[in-house]
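Dumping the structure here so I can ask a few things about it.
The values are calculated or read from the model by the stated rules, or taken from the named source; none is laboratory data. As the structure is a computational prediction, the values presented were derived from the model and not from experiment. Here the Cβ positions follow ideal geometry from the backbone for every residue, glycine too, while neighbour counts run over all protein chains shown. Please note that ligands, DNA and RNA were not included when accessible areas were found on the heavy atoms of the full protein model with its side chains. Shrake-Rupley method; radii C 1.70, N 1.55, O 1.52, S 1.80 Å.
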Amino acid sequence: MVNKITVVGAGNVGATTAQRVAEKQLARTVVMVDVAEGIPQGKGLDQWESAPIEGFDTRVIGTNGYEETAGSDIVIITAGIARKPGMSRDDLLNTNAGIVKQVSEQIKKTSPNAILIIVSNPLDVMCYVAKEVTGFPRERVLGMAGVLDTARYRSFIAEALDVSVRDIQAMVLGGHGDTMVPLISYTTVSGIPVTQLMDRSTLDAIVDRTRNGGAEIVKHLKTGSAYYAPSAGAVQMAEAIVRDEKRILPCAAWLNGEYGEKGIFLGVPCKVGRRGLEQVLEVELTAEERAALAKSAEAVREPMKAVKL
Ligand code: APR
């Protein structure tokens, strides 16, 4: 366990993330920060009062300031507005860029050695904002998107084949949007290529559903966006760091030429351990997958240019 994990934003994603961190005892203290008065305090206290029942010793604290967050080992940023029906993630750009900028300035001052996990959308551009504002090296700024997109993809495949989700191995790369790239060539069921177990049209429908997985939830909820699976994704990344697991996870990482891309955050296979991003794995892609990844990078570059820092 580490000493302190801060979760910025005590909304749906943030509060669920803090709860998962506490229940897994990843830190001695989890601090929730939010601008809304009383919300982080109330949710934090409520979660802490569940500790005797759930049996965790992680202290949960809620606050409106950054003093309590000082010296955090990991900071998970979920602050910002969520999507409503008909909105794309890019529609959140200007509002959330301002919020992530303000949060990053505070974190830079109070937790200069933290590893950041960004969850706010549009994800890849918010990672860029956080990296630019904090000046942290790429090892310490990671975005949570691929873990979520891959979880959606794996859950749909498991459902279609009526097998355990644990036996589906897969990777979804690229930007966190409609251009994401599920890698069919690397999708297996306990090592068996998925194409041997499923016809192509079923698989194509699953790929399509994965790309629109976030919108599907927004359509149901109407007043907000997904948070159970996103918080699970962020906490899986935090756990890999805390326990130095060296997991191979699809994360948004700052690319220095890998996959032919430079100066951009994009979802790629990463080794995640105590130092944060420990390695970007470059794997072979089919010509089709490579083209799709390049297209996805373009879809991230556009809003990146538009953002004001
Ligand atoms: N500092 C801290 N918290 C902030 C700030 C800020 N500057 N601005 C807004 N917030 C808080 C809000 O007060 C709110 O409690 O962020 C929280 C967002 O919570 P929700 O509206 O419930 O949104 P949520 O579903 O948690 O999504 C948050 O994560 O998955 C992404 O697309 C999603 O960008 C969105 C973010």
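Could you pull out every one of the helices (runs of 4 or more DSSP H) wholly within the stretch 196-265 that has 2 or more residues that are open to solvent by 70 Å² or more (accessible area, probe 1.4 Å)?
Once the helices (runs of 4 or more DSSP H) in the stretch 196-265 are filtered for at least 2 residues that are open to solvent by 70 Å² or more (accessible area, probe 1.4 Å), what remains is 200-211, 213-221.
Against the conditions (1) in contact (Cβ under 8 Å) with a residue 24 or more places away in the chain; (2) closer than 25 Å to residue 187 by Cα; (3) open to solvent by 60 Å² or more (accessible area, probe 1.4 Å), where does residue 279 fall short? Just the number, please.
In the conditions (1) in contact (Cβ under 8 Å) with a residue 24 or more places away in the chain; (2) closer than 25 Å to residue 187 by Cα; (3) open to solvent by 60 Å² or more (accessible area, probe 1.4 Å), residue 279 misses (1) alone.
Now for a different question. Need a quick list: helices (runs of 4 or more DSSP H) entirely within the stretch 1-78 having at least 3 residues that are surrounded by 14 or more Cβ atoms within 10 Å (Cβ to Cβ) and touching a Phe, Trp or Tyr at 6+ places or on another chain (Cβ under 9 Å).
12-23
When both residues are 6+ apart or on different chains and their Cβ atoms are under 6 Å apart, which pairs have a first residue that lies in the stretch 78-92 and is closer than 21 Å to residue 301 by Cα and among the hydroxyl-bearing types (Ser, Thr, Tyr), and a second that is more than 10 Å from the ligand (Cβ to nearest atom) and open to solvent by 70 Å² or more (accessible area, probe 1.4 Å)?
So the pair list comes out empty.
May I pose another question? I'm trying to understand the selection: among the residues of the stretch 104-127, which are open to solvent by 40 Å² or more (accessible area, probe 1.4 Å) and either away from the ligand (no atom under 12 Å from the Cβ) or acidic (Asp, Glu) (or both)?
The answer is 105, 108, 109, 112, 113.
Just need a number here: residues in the stretch 186-195 that are surrounded by fewer than 16 Cβ atoms within 10 Å (Cβ to Cβ) and in a helix (DSSP H, G or I).
Result for the stretch 186-195: 1.
Can you find a residue in the stretch 172-185 that is away from the ligand (no atom under 16 Å from the Cβ), closer than 29 Å to residue 288 by Cβ, open to solvent by 10 Å² or more (accessible area, probe 1.4 Å) and over 21 Å from the mean Cα position of the chain (by Cα)?
Yes; the residues of the stretch 172-185 include at least one that is away from the ligand (no atom under 16 Å from the Cβ), closer than 29 Å to residue 288 by Cβ, open to solvent by 10 Å² or more (accessible area, probe 1.4 Å) and over 21 Å from the mean Cα position of the chain (by Cα).
Count, please, the residues in the stretch 88-122 that happen to be in a loop (DSSP other than H, G, I, E, B) and more than 20 Å from residue 308 (Cβ to Cβ).
The qualifying residues number 5.
Is it the case, given these coordinates, that residue 47 is under 24 Å from residue 243 (Cβ atoms), of a type outside the set (Lys, Arg) and more than 12 Å from the ligand (Cβ to nearest atom)?
Yes, satisfied.
Within the stretch 166-175, does at least one residue satisfy the condition of being assigned to a helix (DSSP H, G or I), without any contact (Cβ under 8 Å) to a residue 24 or more places away in the chain and out of contact with any strand residue (DSSP E or B) (no Cβ under 6 Å at 6 or more places or on another chain)?
yes
Give 79, 70 a once-over and let me know the one that is assigned by TED's automatic domain parsing to the domain that holds residue 7, within 14 Å of the ligand (Cβ to nearest atom) and modelled with pLDDT of 95 or more.
It is 79.
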